[in-house]
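Chemist: For reference, the structure I am asking about is given below.
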Amino acid sequence: MSFSELGLSPKVLSAVEAAGYSEPTPIQAQAIPHVLERRDVIGIAQTGTGKTASFTLPMLSILERGRARARMPRSLILEPTRELAAQVADNLVKYGVNHKMTVALLIGGVSFDEQDKKLDRGADIVIATPGRLLDHFERGKLLLQGVEVLVIDEADRMLDMGFIPDIERICSLIPFTRQTLFFSATMAPEIQRLTDTFLQNPKQIEVAPPSSTVSTVSQVLIPSQNDDWKKREVLRRHLKQAEDLQNAIIFCNRKRDVSVLFRSLEKHGFMAGALHGDMDQRSRMMMLENFRTGRIPILVASDVAARGLDIPAVSHVYNYDVPHNAEDYVHRIGRTGRAGRTGTAITIVTPKDRVSLDAIQTLIGKTIDWSDDPVFATSPDDDETKPRERGRKSSSRSSAKSTAGGRKEKRAPRREREEENEAPVVGMGDHVPDFLLRPVSLPKQKKSKVA
Ligand code: ADP
Ligand code: MG
């Protein structure tokens with residue numbers, strides 16, 4: 001299959017060629033002809049399968065006819081995060097080199113003035129996050145009657161981030177005669193309801209079962225004790241010995257841990273950066289740019305900050321924490337193995353992650369192998385983490401200590417642990433004297449009224 005068979009305009013085709021794409025991805029091949037027929041489309045495909053081009057390319061072809069009017073954009077693309085919106089804008093610049101389309105990017109963290117000016121001049125395409133779009137609308141700076149094509153991208157993330165009411169509102173502000181294109185990696189019931197309400201006789205395209213993982217990603221689990229210094233050590237060991245590692249994204253569940261881990265890696269001499277929701281727009285963009293150009297090969301990130309980022313050729317994804325939400329696992333590891341490349345996804349698993357891990361394996365419909373590298377088979381808590389694989393009862397902790405991989409790993413000596421722990425040691429450090437743990441009975445107190 002080649003791009004030229006899809007019905008795209010010559011201008012778009014030459015831009016695609018210049019972008020270096022030799023053939024369309026499955027979602028592109030299946031969606032583009034229907035978009036060009038002006039049908040509503042629901043496109044379900046995993047992260048990294050090229051969904052952006054499946055709506056931007058035909059959109060450019062469609063918009064070649066006609067002109068933009070002041071404050072009345074002709075098309076609207078909704079994205080859940082500022083980064084994703086900025087990325088789609090970059091893509092439009094790339095695919096639209098032969099066009100004179102005006103693209104307005106309406107995202108938070110940037111002044112309204114610039115954005116207003118763009119809108120006043122007349123934008124062919126508006127790319128926006130839902131909140132910022134509604135802000136502009138309420139300020140009377142934006143009229144939505146002229147929108148002919150509406151794209152709701154990354155719908156599952158919109159759902160995660162609580163944007164569904166905003167999307168419903170926006171959909172009801174745009175003429176019913178519009179064409180609506182809808183893209184998501186997964187299809188939750190709430191999303192189904194949205195498409196049932198706002199799309200007309202849509203063509204549904206699903207290129208892979210929802211929530212499946214890309215086959216070009218090799219996935220592996222590494223056991224660790226449930227201890228941050230231990231987890232960081234396991235991570236560093238892996239980072240150092242991973243031969244084919246070019247660049248890596250390391251995911252943490254909490255943004256607080258993003259900063260802690262980032263500082264720890266830096267302290268241990270790794271070139272690392274961090275990406276979390278508390279950073280302002282400019283620093284996030286700068287960080288991303290440094291990662292993209294390879295100046296910073298390791299990026300520690302939270303789910304919200306990293307979702308859907310267009311970073312080609314990430315060789316490794318690390319789950320420093322097992323995600324609580326199984327679908328986040330799919331999204332995280334979708335950062336590697338993109339567009340047919342191979343990738344590796346490593347997940348550090350502690351005994352308390354059992355339930356989350358089971359949920360992930362159920363969702364992706366397969367069991368993930370434990371690393372067979374002996375370096376990582378030495379955690380004294382292994383038998384709790386992976387009881388079945390070792391054929392031991394999870395209660396037989398003491399016997400595991402002497403048998404695991406023939407190696408006995410003791411807790412690191414005191415000095416090493418303190419070096420490792422960047423938090424200053426307060427009081428008696430992590431040694432808790434017995435007397436402090438003994439239960440004490442307190443005299444009964446009256447309940448405070450303030451509570
Ligand atoms: P999705 O939105 O499905 O997660 P993207 O649209 O962000 O994925 O695309 C993922 C990556 O694949 C991007 O780096 C993009 O440039 C690249 N890509 C898209 N289409 C093609 C193609 N036809 N051939 C090669 N690479 C492509
Ligand atoms: Mg996308």
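Only the coordinates and a few stated rules stand behind these numbers; no lab work does. Small disclaimer: the values here were computed from a predicted structure and weren't measured. Note that we place each Cβ from the backbone using ideal geometry, even for glycine, and neighbour counts take in every protein chain shown.
Chemist: If each residue's Cβ is checked for other Cβ atoms within 10 Å, how do Lys117, Lys231 rank with the fewest at the top?
Modeler: Lys117, Lys231
Chemist: What is the local net charge at Val149, summed over the other residues whose Cβ is closer than 14 Å to its Cβ (Lys, Arg +1; Asp, Glu -1)?
Modeler: Its environment carries a net charge of -1.
Chemist: Now, a different point. How far apart, in nm, are two points set 7 Å out from the Cα along the Cα-to-Cβ line at Thr197 and at Arg282?
Modeler: 3.9
Chemist: Where a ≥ b ≥ c are the square roots of the eigenvalues of the C-alpha gyration tensor, would you call segment 64-118 rounded, which needs a/c under 1.5, or, failing that, prolate if a/b is larger than b/c, or oblate?
Modeler: oblate
Chemist: Quick one: which of 7-17, 361-371 comes out on top by average Cβ neighbours within 10 Å, and what's the full order, highest first?
Modeler: 7-17, 361-371
Chemist: Could you state the per residue volume, in Å³, of the convex hull enclosing the Cα atoms of segment 217-385?
Modeler: 109
Chemist: Using the Karplus equation 6.51 cos²θ - 1.76 cosθ + 1.60 (θ = phi - 60°), what ³J(HN,Hα) coupling, rounded to whole Hz, does each residue of segment 242-257 give in order, writing x for Gly and Pro?
Modeler: Residue by residue, segment 242-257 yields 5, 5, 8, 6, 9, 8, 9, 10, 10, 9, 10, 6, 10, 5, 4, 5 Hz.
Chemist: Next question. In the P(r) worked out for segment 3-206, what percent of Cα pairs fall beyond 33 Å?
Modeler: Value for segment 3-206 (Cα pairs over 33 Å): 7 percent.
Chemist: Read phi for every residue in segment 55-68 and hand back ³J(HN,Hα) as whole Hz from Karplus 6.51 cos²θ - 1.76 cosθ + 1.60, θ = phi - 60°, with x for Gly and Pro.
Modeler: So the Karplus estimates, Gly and Pro as x, are 10, 5, 5, x, 4, 4, 4, 5, 7, 4, 8, x, 9, 7 Hz.
Chemist: Let a ≥ b ≥ c be the square roots of the eigenvalues of the Cα gyration tensor of segment 139-253; is it rounded (a/c under 1.5), or, if not, prolate (a/b larger than b/c) or oblate?
Modeler: Because a/c hits 1.5 or more and a/b exceeds b/c, segment 139-253 counts as prolate.
Chemist: Simple spin-label model, 7 Å along Cα-to-Cβ: Leu245 to Lys94 in nm?
Modeler: 2.7
Chemist: Which cross-chain or sequence-distant (5 or more) residues have an amide H under 5 Å from the amide H of Val314, H modelled 1.01 Å from N in plane?
Modeler: Under 5 Å from the amide H of Val314: Gly337, Arg338.
Chemist: A further question follows. Please compare each pair in Lys117/Lys141; Lys51/Lys203; Lys11/Lys100; Lys231/Lys366; Lys51/Lys94; Lys230/Lys352 to a cut-off of 19 Å on the Cα-Cα distance and tell me which ones are over it.
Modeler: Lys231/Lys366, as the Cα separations exceed 19 Å there.
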